[in-house]
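What follows is a single structure, written as structure tokens, with notes after it.
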Amino acid sequence: MEDIWFATVSKKYTFNVNDVMCRHKVVALYKVDGRLKDWEETSEGNYRNTYPSNFWDDISIPYWSMPENTAHPTQKSEKLLAKLILVSSNGDDVILDPFIGSGTTSVAKKLGCHHIGIEQNPLYCA
């Protein structure tokens, strides 16, 4: 379990919450005046798109058989970094990671952003 903070010193900031909506299967169908309320019916089932809560249960740490796994002791998953980059940046932005470690922040390239990483440990730079 780790805390993630979003902070700004300016009134101008980026927070694209719609880019990280969560999709949950609907168990109990909810209607108002006979119309669907906050869910959609699809061929795969009924789903509700919601804003992320303060607990993300769709993220896992990279385990030994995942291609992204490294020996870094505090490596974050690409999925976690992708969500953070999507919500806090716009396409073609530059992402700065002053503690890039295993390099997971380079997932920014897959999302259309540029990235700069700083790392003091030569082993992790390699």
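For the reader, a short list of remarks on this structure follows.
- Site pair residue 53 and residue 23 shows an inter-label distance of 2.0 nm when each label is modelled 7 Å from Cα along Cα→Cβ.
- Hz values of 3J(HN,Hα) by residue in segment 73-81 - Karplus curve (6.51, -1.76, 1.60), Gly and Pro given as x: x, 10, 4, 9, 7, 4, 5, 5, 5
- Under 17 Å from residue 76, Cα to Cα: lysines that are on another chain or at least 8 residues apart: 109, 110
- The portion of the accessible surface of segment 1-110 made up by carbon and sulfur, rounded to a whole percent, is 54 (1.4 Å probe; DNA, RNA and ligands excluded).
- The distance between label points at residue 30 and residue 46 comes to 1.2 nm (points 7 Å beyond Cα on the Cα→Cβ vector).
- Take the Kirkwood radius over Cα pairs of segment 54-126, plug it into Stokes-Einstein at 37 °C and 0.692 mPa s, and you get 254 µm²/s for translational diffusion.
- Protein heavy-atom accessible surface, 1.4 Å probe, per residue over the chain: 78 Å².
- Cα-derived Rg over Rh, computed across segment 1-46 with Rh taken as Kirkwood radius: 1.17
- Amide proton proximity set for residue 46, modelled H, under 5 Å, gap of 5+: 26
- Hydrodynamic radius by Kirkwood, which averages 1/r over all alpha carbon pairs of segment 37-87, in angstrom: 13.7 Å
- Both the radius of gyration and Dmax for the chain are 18.1, 63 Å, in that order, over alpha-carbon atoms.
- Annotation: amide H-H contacts under 5 Å for residue 96 (H modelled 1.01 Å from N, sequence separation of 5 or more, or interchain): 116.
- Estimated FRET transfer efficiency when R0 is 22 angstrom, pair residue 61-residue 106 (beta carbons, to 0.05): 0.80
- The calculated FRET efficiency for the pair residue 93 and residue 119, based on their C-beta separation and a Förster distance of 22 Å, comes to about 0.60.
The values are calculated or read from the model by the stated rules, or taken from the named source; none is laboratory data. As the structure is a prediction and not an experimental result, all values here were calculated from the model. Cβ coordinates were reconstructed from backbone atoms using ideal geometry, including for glycine residues, and neighbour counts include every protein chain displayed. Side chains included, ligands, DNA and RNA excluded: accessible areas come from the protein's heavy atoms. Shrake-Rupley method; radii C 1.70, N 1.55, O 1.52, S 1.80 Å.
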